[in-house]
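Here the structure is laid out as structure tokens; the discussion comes afterwards.
The values are calculated or read from the model by the stated rules, or taken from the named source; none is laboratory data. Since the structure is predicted, the reported quantities are computational estimates derived from the model, not experimental observations. Cβ coordinates were reconstructed from backbone atoms using ideal geometry, including for glycine residues, and neighbour counts include every protein chain displayed. Accessible surface is based on the protein model in full, side chains and every heavy atom, while ligands, DNA and RNA are left aside. Shrake-Rupley method; radii C 1.70, N 1.55, O 1.52, S 1.80 Å.
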Amino acid sequence: MYVGAMRRWPLITLVLLVLLLVSSSIAPAQSPVRLSGLSGSGNETGKSAAPDLASPEEQIRELRERLTAAEADLNSVSTPGTLGVGGPSGTPESELLERRSLLYQLARAYEQQLEDTQKLHQARARREQVERENREWTDFPDPPPYSVLVVDSLRDRARSLKRTVELLESKLAVTTRAAERSEEALKAAERRLRLAAEQLEIVKDQTQTTRLTWLRDLARLRSRATAAAAAMLTQSVKARQEELIEAKARLALAQRQLARAEPEQRFNTQDLDKVRERLETERKGLEAELDLALRDQRVSHRAYDQAVRRLNESKTTKSPGGKESPKAAATRSLLVDHVELGRVHSENADIRVEMLRHMLDTVELERRIWEGRFAVASEDDVAKAREAFQRLTPVIQEAKTWKDYLGQQIDMASGQEGELETRLQNAASPAEAARLRPLLDRYRERERNYQRAMERSQQFNRLLELLQARFEQREEALSLSARLQASLAGASRTLTNIWEFELFAVEDTIEVDGQSISGRRSVTIGKLIRVMLLLVLGYWASLALAKFAQHFAISRLQMEEPVADIFRKWTIAIVFTVVLIVSLAWVKIPLTVFAFLGGALAIGIGFGTQNLLKNFISGLLVLIERPLRVGDLIEIDGVVGEVRSIGFRSSTIRDGNGMEMHIPNSNLLERNLSNWTYSNRTRRFFLKIGIAYGSPVKRVRDLLNEAAAQHGLVLKDPEPLVLFEDFGDNALIFTLYYWVAFAPGVNPALVGSDLRFMIEKSLADERIAVSYPQRDVHLDTARPIEIHVTNRADQPVHTEEGREQGRIHNHPTA
């Protein structure tokens, strides 16, 4: 048994310790010792200041009694010389000051708790009344439809109550967190109080007992102040909860009324007239205020200019001896202050004028908004209602921009005001404080001006938000077919706006009753598109007409095909020009549109098109004078070739190598041009032959004539001609002159080669030797003709009479 009892001792000990801790937490140690001289410092720690079971009158009476006792305790240590009352000798001053601070906190906590208790009962009474009204309300006394102004007031009330609910929810959350922290602080204060009481019970020395008694009472006072603060926050939480419930009840009632009235609202001309009358009254008041502000602006600017002038005069005034006296320095400092104050005052006057003018503009914009809202409300056509709302979109954007600007200005003015308040608090002397106060008042006045404009802007923005919300609700209520129809109408309006978009305007003059009237015509995208379509159709028509004219010229007028092709090109140009002029006139675009390209652009275009116009006109002159035709063989700038085409800007020439070159038309008139086939297409060529000395010269002449007569491409009229031209160093020089007609397939070089083969064979048959020179003989004594032979049989040969540039290299065989 002894062993079993020994085993149960630890369990019994543990149970006793748990019971001791529980009893100490339930009933904290108390002592009859008090802070002498202080009332109400007994066993009130943790006691509820206002029990919920008591009636409101009893709660308020009890709180007032506690507030009176706390203020009496505070007054007993607040008068001079009473700080140490009730404290043992040698108590540190910090502890005495803490006691007074705790008494002050206790009194303020009771005061705030009393105020929250009164608010709680008032809010509870209001909440009960609102709930009763909410239960009893069924409908408005007036039958529908309801005025849009009434619906707007209900909507504003619901919006305001919603913001109130959000604000109260935020306040309740903050107060709840503070109450939780105060509960934790109260637990900590009670733990410190228990520790102080336990230390007092252990100590037996009288001196230490007095000291510890003081600390215990101070801890108790700290616990009382913390408990009062916790009770105050608890009561504040209850008051916020009642206010939140009341606000939600009012919001529910307002939303019910709005839901009832909004579907059956109407906006008639009587409502619009009321709004116009209200805005007109506001406008007149703002205009009268603006007149006063303008006068004040002029006065403030004159005062500022005078202050600046006096300050500048004081700077130019020199003191005797060159040193400024204290009086002069004080005067100048005063003038500087006056200049600064005058500057701020004049700026405020400018800001006030600006804000009033903006509020006048806002009134005008609001009138337009109401009229647009009336148009949207009274318009059954969804597309037109959308169009009316879209016209207000720029106003909405402008209002948002102005609101942001005002917010920035208010922040700036508030920052300047805060800086001056800090300087005023830290003023080194009363004189500096007196100098800063008027300046601070001016900045406060500036902030008030901005705040007033901001309030008006917010009111205007609420109207815009309301209109936008109403439009969105109307859009959501549309059926699918109505939305599709409105979308198509919107797309049509967008295309119409693009079609009618003005690119620029040009001056035009018209004749009306014999008088010239000058005006401006717009050039729109639609006009340009129509002109382009007409030009495309006109170009197609000009091609068809030109093709018909070419066929007619060839078949009926017997015109050569190259000439007819040129005729076709010029027909296209002329017809297209007429189409361009007619198209511009038909869409009401005056020809002065080309003058729109005046100035620097016209100069640049003029320089760029100078050569183009020059070659174009040269092409016209070439067609008129006809110094060359298609198919002619010409030489220009050392280039010899056949004319293949004559265009507007240039002509195409194909040389003997088959390469086609574009020659600007102006070069055909400005440069030396040789036309081998201008009047006829026959040209004379020649061959030089060296015969050995001793050969029968007459037989040689006959053989050369026979060779020329036998060739089919050598013309019989004029007849070929053989001349015995010279006695050379080692040969007798004969020259065969023959004529060839230029025609397709005729190659003069090939004709000359054939004649050489024929002459060489005839001389060989007659055993007549061709002299072999010691060196190449360059025969150019007569140089009557220049010969250029191409390598292709279908190419013409360039021949020019009267120029001494021809050279023939002949290598007689042995």
- prompt: Among the aspartates and glutamates, which have Cα under 13 Å from the Cα of Lys315 when same-chain residues fewer than 8 positions away are ignored?
  reply: Glu324
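Can you check what the net charge comes to around Glu706, using other residues whose Cβ is under 14 Å from the Cβ of Glu706 (Lys, Arg +1; Asp, Glu -1)? Write out the running numbers ahead of the final one.
Values: positive: Lys698, Arg699, Arg701, Lys716, Lys761; negative: Asp702, Glu719, Asp754, Glu760, Asp765, Glu766.
My count for the surroundings of Glu706 gives -1.
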message: Using the Cα centre of region 109-155 as the reference point, and only Cβ charges (+1 on K/R, -1 on D/E), how large is the resulting charge dipole? Debye, rounded to the nearest 20.
response: 100
field: Packing-based ranking, highest mean first, of 272-279, 638-645 given that Cβ atoms within 10 Å are counted
entry: 638-645, 272-279
message: Beyond a 24 Å Cα-Cα separation, which of these cross-linked pairs lie in this structure: Lys162/Lys403; Lys527/Lys614; Lys688/Lys761?
response: Lys527/Lys614
message: Could you work out what % of the accessible surface of region 89-202 is carbon and sulfur, using a 1.4 angstrom probe and leaving DNA, RNA and ligands out of the count?
response: 50
message: For Lys274, give me every one of the lysines with a C-alpha distance below 23 angstrom, ignoring sequence neighbours fewer than eight places off in its own chain.
response: Lys284
field: Area accessible to solvent at Arg159, 1.4 Å probe radius, in Å²
entry: 60
- prompt: In sequence order, what are the phi-derived ³J(HN,Hα) couplings for region 363-368 according to the Karplus relation 6.51 cos²θ - 1.76 cosθ + 1.60 with θ = phi - 60°, rounded to whole Hz, with x for glycine and proline?
  reply: 4, 5, 5, 5, 4, 5
task: Determine how large the accessible area of Thr571 is when every protein chain is in place; take a 1.4 Å probe and give Å² rounded to the nearest 10.
output: 20
